[in-house]
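A.B. asks: The structure is given below, and queries will be raised subsequently.
The values are calculated or read from the model by the stated rules, or taken from the named source; none is laboratory data. Since this is a predicted model, take the numbers as computed values, not measurements. Please note: Cβ atoms are built from the backbone with ideal geometry, for glycine as well, and neighbour counts cover all protein chains shown.
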Amino acid sequence: MDRCIVLVDAGYLLGAAASLLAGEPSRSRITVDHAALVQGLRDRAESDTERPLLRIYWFDGAPDRVPQPEHRRLRVMPRVTVRLGALTRSDGRWAQKGVDAAMHAELTELARNRACSDVVLVTGDGDLLPGMMAAKEHGVAVHLWAVQAADGDYNQSEDLVAEADERRVLDRAWITKAVRAKELGGICAPPPVPRPEIAAILSAPLPESSLSQAPERTAEETEHAPAAASENGTQERVPAPKGVPTPKDLAALRAPGAQPAQHPASATLRWSSDKGWVDRPGGAAEPPEVASMPTLAQLTTAEQRWADREEDITTVGGDPFEVGQVFARRWMERLGDQAHLQRLSGMYPRVPHRIDGELLRYAARFGLLAHKDDQIDEHDRYAIRAGFWREIDVRTAAEHAPAGE
């Protein structure tokens, strides 16, 4: 049929763009306007092939094949289909698995079914050579696009270049319409840092008061600690006792089998937040007025649940901070008794247990808690909760603002 299809190897396209613009192939060094990039690919493909576009296939890797925020944005764009391979870590480096095979299968299937007359390949991997040859045998014209190489040489397989019917180079001027390097004073910036409110939490030093309250270790503890820490021949640092229990410490004290005597009735919890360290009185359980706060699920009707899911799929990108904000906004909008909101605001930075669990389960829909090595990313947890509190702060500040402001 007289139409064109574009197959994009995102690892090649964005990695080569990062090399060209930032000096190294790390995608964390660039910022991508995906809407502009997709439109640019469409316009260029229709111009070069003189055929209308049927579809753009975007091939990329993701941990456990869970769509990341950029994939969620891309897959709801018109004429874009996202295909994900696995992203695995080996020898300290991330590598895509299954992306080339998926591109090969899609290319040969499209050609065999005569779904298009022209196919554009944005890739540099020579493993696609058999697929390219098969497509040509089925009468499909193959256009190979390269990203301008940082060193001025080819960054594509020479066999692909030789076999392609047409070849074009996406130069720096074209790339920079949708991709730019993250810069600071004209120098390529380091990897992205957390938002200020998240950085404040992660970098907050332990208060001197808690250090002064730490009891001294006995001679017997000092003597046996190194032996226990170096069981495998490597010396490990043994954490010093804490003068003020953290929420994690208190949870351990409430665990089944914990000794009642270990749980001081007047314990103080120290919470780290973007506003510094906040001390809150501890307790065996949350106060009744806190425990009775309604969850978002209890406040949501069936119609609202459908609308929420539609919004999640089409407009929520999945950034951790954004996810916390969306959850808080919905909870506040549906809250009938505003006394709950005032009570919650006074609990900062602690999120009630039921609401916090629901918030993290909501975030899990976006793949934010399914990270490499099956470990939960604590930075994402901080960002999710910080977004939640930022939205609460904005709402409460607006309600208390004098009329006319």
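A.B. asks: Count, please, the residues in the range 53-71 that happen to be touching a His at 6+ places or on another chain (Cβ under 7 Å) and without any contact (Cβ under 8 Å) to a residue 24 or more places away in the chain.
C.D. replies: Residues flagged as touching a His at 6+ places or on another chain (Cβ under 7 Å) and without any contact (Cβ under 8 Å) to a residue 24 or more places away in the chain within the range 53-71 amount to 0.
A.B. asks: Another question, then. Select from the range 166-182 the residues that are in a loop (DSSP other than H, G, I, E, B) and touching a residue at least 60 places away in the same chain (Cβ under 8 Å) and write down the one among them that is surrounded by the most Cβ atoms within 10 Å (Cβ to Cβ).
C.D. replies: Of everything passing the filter in the range 166-182, 178 is surrounded by the most Cβ atoms within 10 Å (Cβ to Cβ).
A.B. asks: Could you check the range 297-325 and list, in sequence order, the residues that are over 20 Å from residue 74 (Cα atoms) and in contact (Cβ under 8 Å) with a residue 12 or more places away in the chain?
C.D. replies: Selection gives 297, 299, 300, 304, 324, 325.
A.B. asks: Being under 29 Å from residue 141 (Cβ atoms) and of a type in the set (Asp, Glu), is that true of even one residue in the range 96-105?
C.D. replies: For the range 96-105, residues under 29 Å from residue 141 (Cβ atoms) and of a type in the set (Asp, Glu): present.
A.B. asks: Which one of the conditions (1) farther than 17 Å from residue 15 by Cβ; (2) in contact (Cβ under 8 Å) with a residue 12 or more places away in the chain does residue 50 fail to meet, given that it meets all the rest?
C.D. replies: Tallying (1) farther than 17 Å from residue 15 by Cβ; (2) in contact (Cβ under 8 Å) with a residue 12 or more places away in the chain, residue 50 fails exactly one: (2).
A.B. asks: Something else now. Look through the range 112-159, keep the residues that are touching a residue at least 60 places away in the same chain (Cβ under 8 Å) and hydroxyl-bearing (Ser, Thr, Tyr), and return whichever of them is surrounded by the fewest Cβ atoms within 10 Å (Cβ to Cβ).
C.D. replies: Of everything passing the filter in the range 112-159, 117 is surrounded by the fewest Cβ atoms within 10 Å (Cβ to Cβ).
A.B. asks: Which ranges mark the strands (runs of 3 or more DSSP E) fully within the range 77-165 that have 2 or more residues being at pLDDT 90 or above?
C.D. replies: 80-90, 118-122, 141-147
A.B. asks: Being at pLDDT 90 or above and not in a helix (DSSP H, G or I) is the filter; apply it to the range 295-337 and report the residue that is farthest from residue 354 (Cα to Cα).
C.D. replies: Filtering the range 295-337 for residues that are at pLDDT 90 or above and not in a helix (DSSP H, G or I), the one farthest from residue 354 (Cα to Cα) comes out as 301.
A.B. asks: Another question, if that's okay. Filter the range 339-353 down to the residues that are in contact (Cβ under 8 Å) with a residue 12 or more places away in the chain and either farther than 30 Å from residue 73 by Cα or touching an Asp or Glu at 6+ places or on another chain (Cβ under 7 Å) (or both) and list them by number.
C.D. replies: Answer for the range 339-353, where residues must be in contact (Cβ under 8 Å) with a residue 12 or more places away in the chain and either farther than 30 Å from residue 73 by Cα or touching an Asp or Glu at 6+ places or on another chain (Cβ under 7 Å) (or both): 340, 341, 342, 343, 344, 345, 347, 348, 349, 350, 352, 353.
A.B. asks: Further, regarding this structure: On the basis of being in the same structural domain as residue 156 (by TED's automatic domain parsing) and without any contact (Cβ under 8 Å) to a residue 24 or more places away in the chain, does residue 27 make the cut?
C.D. replies: yes
A.B. asks: Tally up the residues in the range 327-338 that are over 19 Å from residue 291 (Cβ atoms) and without any contact (Cβ under 8 Å) to a residue 24 or more places away in the chain, please.
C.D. replies: Number of matching residues: 1.
A.B. asks: Do any residues in the range 72-91 that are loosely packed, with under 14 Cβ neighbours inside 10 Å have Cβ atoms under 8 Å from those of residues that are among the polar types (S, T, N, Q), where the two are at least six apart or on different chains, and which pairs are they?
C.D. replies: Sorted first by the residue in the range 72-91, then by its partner, the pairs are 76/314.
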